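Participant: Structure incoming, see below.
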Amino acid sequence: MCGTLRPSDAGSAVVLMGWVNRRRDLGNIIFIDLRDRTGVTQVVFNREIQAAAHHKAGLLRNEYVIAAIGKVKLRDADTVNKSIPTGEVELVVEEIRLLNESKLPPFLPSDAALTNEETRLKYRYIDLRRDAMQFNIETRHKVAKAIRDYLSAQGFFEIETPFMTRSTPEGARDYLVPSRVQPGTFYALPQSPQLFKQILMISGFDKYFQIVRCFRDEDLRADRQPEFTQIDLEMSYPQAERVWEVVEGFLTAAFAAMGEMIAAPFPRMDYDEAIRLYGIDKPDLRLPPFTDVRDCFPPEHLEELAVNANLPVIAVRTPGVGELSRKERDDIKPMFHAKGGARVYEDFKRISNKYPDAAAAIARKTAMEDGDLIVLVAGSAQAGPQTALPAHRKVTPAELAIYASAGLLRLALAQKYADRHRIFRKTGDPAKDYRFLWVTNFPMFEWDEGEKRWMAAHHPFTSPHEQDMTLLEQGVDSVTDPQSPLSAVRALAYDVVLNGTELGSGSIRIHRQDIQRKIFQALGMTEEEAKTRFGFFLEALEYGTPPHGGIALGLDRIVMILAGAESLREVIPFPKTARAVDLMCDAPTPVSERQLRELGITFKK
Ligand code: ASP
C-alpha cells in the first residue's frame with residue numbers, strides 16, 4: 001500500500017501501516033518515509049494542522065511500526081520526487097498510532113552502503129527488509145509460480161517425496177538423521193528425489209514435477225548451499241527432445257515473468273563438440289570458440305616450437321582486449337593451468353615476428369580483429385605417446401588435456417578483461433544476453449584415478465546410448481582398466497547451460513533390470529552391494545516399468561540470474577555461510593545429553 005499511491009488517489013482517506021524508513025524534522029513540519037513491501041510514501045505531520053499527531057511523530061525513530069491515518073494530497077510541483085513511483089503524492093496525517101517500537105538496528109534497510117555479510121546474515125530479518133532483498137524474494141516467487149503454472153497447464157502433477165529417506169546416488173555426502181525408535185539406524189536427507197520420481201513413473205503418474213529442497217553435504221565452494229532448491233521433473237515415454245521442449249517451455253515462462261523474452265528451441269551440441277570447441281562441457285557461447293590452427297604451421301615450425309604435431313594447436317581468441325603491456329603478457333603464464341602435456345604460447349607478437357606467414361594464416365582462420373588477443377595452447381613434443389581409443393570416441397585423453405587447459409584459460413582471460421571487451425554486460429537484447437544451450441551425449445562413465453574405478457558421470461540410473469550397448473557388454477569384463485571399452489560408452493544424458501553456467505542435468509533412464517544390473521557391475525558394485533543400497537528400487541523396476549526420463553534444474557541459480565544478484569545467498573531467504581552455518585539462528589548447535597541418550601549416541605572424546 002505504501003508504494004502504490006498515485007495522483008488518482010488524491011483526496012481519498014487512507015490508513016497506511018509500515019516502518020519508519022526515514023524521518024526529517026523541520027520543526028513545524030515532520031516528514032516520514034513510511035515503508036512496507038510495496039515501497040515508500042512520504043507522510044507529512046504539520047504542527048499547525050494536527051498538533052497531537054505532530055508531537056507523536058517527534059518521538060518516532062527508524063524502524064518503528066506505525067499506522068498513519070490521513071488524506072492523500074498532490075505534492076506541490078517543486079517538491080515532486082521523480083525517482084519514486086509515489087513521488088507525486090504525500091499523506092497528510094490526521095492521526096497516528098504507534099504499533100511498535102524498534103531497537104536501533106545494527107544497520108538500516110534504507111542505508112545506501114551495504115554492511116558486511118556476516119552482520120546481514122545474523123540480522124537477516126532486517127536485511128530482508130531492504131528493497132533489493134524484497135525484489136529478489138519477489139522474483140523468486142514469480143519465477144517459481146510461472147514454472148508451476150506452466151507445468152500444471154501441461155498436465156504435470158506436483159507430488160511431494162519424503163525428506164526422511166535413504167541415501168540417493170548423486171555422489172555427495174548425505175546428511176543423516178538418527179532414528180530414536182530404531183537406535184543405530186539413520187535416515188538420509190535426499191540429495192535429490194531421483195529414485196522416488198522414477199518410482200512415481202512406475203506408479204503411473206506419467207508427468208511429475210516438484211519444486212523441492214535437496215541436501216548435499218559437500219565441501220562448500222564459494223557459491224554452493226548445503227540445502228538448495230531444484231525444479232525436478234520426470235515423464236514417462238519421452239524422447240530426450242520432449243524433455244527439452246518442456247524445460248524450454250517453463251524457462252521461457254519463467255523469464256517472461258521477469259520481462260525477458262527468450263527464444264526456444266535452444267541450440268544443441270554434443271559433449272565431444274563442446275570439448276573440441278570450448279574445452280568445457282558448459283560453454284559460454286557469448287565468447288568465441290577455439291580454432292585449431294595446427295595446419296597454419298608447416299611441420300618444421302611445429303618442431304622448432306617443440307609442439308606435438310599429432311595434437312591440436314588451439315588458438316584462444318579474446319576479443320577487444322587491446323594492446324597488452326609486457327607485464328600483462330607475462331601475467332598470462334601464471335593464469336595457465338596445464339593438464340597433461342599442454343603448453344601455452346602467450347606471446348603472439350613473437351610468433352608473428354618469427355613466423356609471419358603462420359601468424360597471418362592464424363589471424364585469418366580465427367577471424368582476428370584489431371585489439372583481439374590470441375593465445376596458443378598446444379601439446380608439448382616431449383609429452384609421452386598417445387593411447388589409441390575406440391574409433392567413435394572423438395576426443396582422446398591427450399587431446400582432452402589440451403582442450404581443457406585452453407578452456408580454463410579462455411574463461412580466465414575473458415574474466416580478467418571483462419571491462420575491456422564488455423561481452424558480459426547486458427545489452428537489453430535477450431537473444432544476446434541469455435545464451436542457452438543443450439549439451440548432449442555425455443560419456444556414461446568417468447575414470448576415478450584415486451579409486452582406480454569407473455564412476456557414473458551423471459548417476460547410475462542414466463541409460464546408455466542404444467548404439468553403445470555392445471561396448472557396455474564388453475566393458476563389464478574390464479572394470480578396473482582405464483582403457484576399458486566403458487570409456488567410450490555414451491549416455492542419454494543432457495545438461496542445459498546458460499552463459500557458461502550449468503542450470504540443470506537430466507537423462508533418459510534405464511527401465512530394464514538387466515541393463516541396470518550391468519551398470520552396477522561396471523561401477524564395480526557386487527550384486528550384494530547393489531541389493532543393499534538399491535534393492536527396493538531394483539525390485540520396483542521388475543513390475544512393468546515404463547520407459548521414462550527427466551531432469552532437474554537449480555531454482556536458486558535461475559532466480560539469481562534473473563534478479564541480477566551476485567550470489568545464491570542473495571536469493572535464498574535464510575541461507576548458510578560457506579561453513580554451512582546459519583548465522584541467524586546459530587545452527588548447527590550441540591544438543592542436550594538427554595537427546596543424545598534417547599538416540600543412543602555417544603561421542604568419542
Ligand atoms: N537427480 C538428478 C540431479 O539432481 C537430476 C536428474 O537426473 O533428473 O542432478
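Participant: Being without any contact (Cβ under 8 Å) to a residue 12 or more places away in the chain and over 36 Å from the mean Cα position of the chain (by Cα) is the filter here, so list the residues in the stretch 360-373 that pass it.
Facilitator: Within the stretch 360-373, A360, R364 qualify.
Participant: Can you tell me which residue within the stretch 199-229, out of those that are away from the ligand (no atom under 14 Å from the Cβ) and acidic (D, E), is surrounded by the fewest Cβ atoms within 10 Å (Cβ to Cβ)?
Facilitator: D219
Residue by residue, here is whether (1) more than 24 Å from D131 (Cα to Cα); (2) of a type in the set (S, T, N, Q); (3) at pLDDT 95 or above; (4) assigned to a strand (DSSP E or B) holds:
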position: N21; (1), (2), (3), (4): no, yes, yes, yes
position: I32; (1), (2), (3), (4): no, no, yes, yes
position: T41; (1), (2), (3), (4): no, yes, yes, yes
position: V44; (1), (2), (3), (4): no, no, yes, yes
position: I49; (1), (2), (3), (4): yes, no, no, no
position: E63; (1), (2), (3), (4): no, no, yes, no
position: I66; (1), (2), (3), (4): no, no, yes, yes
position: V72; (1), (2), (3), (4): no, no, yes, yes
position: D78; (1), (2), (3), (4): yes, no, no, no
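Participant: Right, next: For the stretch 230-261, how many residues are aliphatic (A, V, I, L, M) and surrounded by fewer than 18 Cβ atoms within 10 Å (Cβ to Cβ)?
Facilitator: Residues in the stretch 230-261 being aliphatic (A, V, I, L, M) and surrounded by fewer than 18 Cβ atoms within 10 Å (Cβ to Cβ): 3 in total.
Participant: Further, regarding this structure: Would you kindly identify the helices (runs of 4 or more DSSP H) lying entirely within the stretch 304-379 that contain at least 3 residues that are closer than 19 Å to A412 by Cα?
Facilitator: Correct list: 326-330, 332-335.
Participant: Now for a different question. Taking only the stretch 425-464 into account, find how many residues are over 20 Å from the mean Cα position of the chain (by Cα), in a loop (DSSP other than H, G, I, E, B) and either within 16 Å of the ligand (Cβ to nearest atom) or touching a residue at least 60 places away in the same chain (Cβ under 8 Å) (or both).
Facilitator: The qualifying residues number 5.
Participant: So, in the stretch 23-38, of the ones that are surrounded by 15 or more Cβ atoms within 10 Å (Cβ to Cβ) and touching a residue at least 60 places away in the same chain (Cβ under 8 Å), which residue ends up farthest from the chain's Cα centre (by Cα)?
Facilitator: Restricting to residues being surrounded by 15 or more Cβ atoms within 10 Å (Cβ to Cβ) and touching a residue at least 60 places away in the same chain (Cβ under 8 Å), the top hit is D33.
Participant: Please state which one of G249, G259 is away from the ligand (no atom under 13 Å from the Cβ) and closer than 26 Å to R569 by Cα.
Facilitator: G259
Participant: Those residues that are of a type in the set (F, W, Y) and out of contact with any helix residue (DSSP H, G or I) (no Cβ under 9 Å at 6 or more places or on another chain), I need them from the stretch 268-319; list them, please.
Facilitator: Residue satisfying the conditions is Y271 alone.
Participant: Checking G171 against (1) in a helix (DSSP H, G or I); (2) within 21 Å of S505 (Cα to Cα), which test does it fail?
Facilitator: Failed condition: (1).
Participant: Is it the case, given these coordinates, that F196 is of a type in the set (A, V, I, L, M, F, W, C), closer than 28 Å to M525 by Cα and within 16 Å of the ligand (Cβ to nearest atom)?
Facilitator: yes
The values are calculated or read from the model by the stated rules, or taken from the named source; none is laboratory data. Just so you know, these numbers come straight off a predicted model, no measurement behind them. Heads up, the Cβs are rebuilt from the backbone with ideal geometry, glycines too, and the neighbour counts pull from every protein chain shown.
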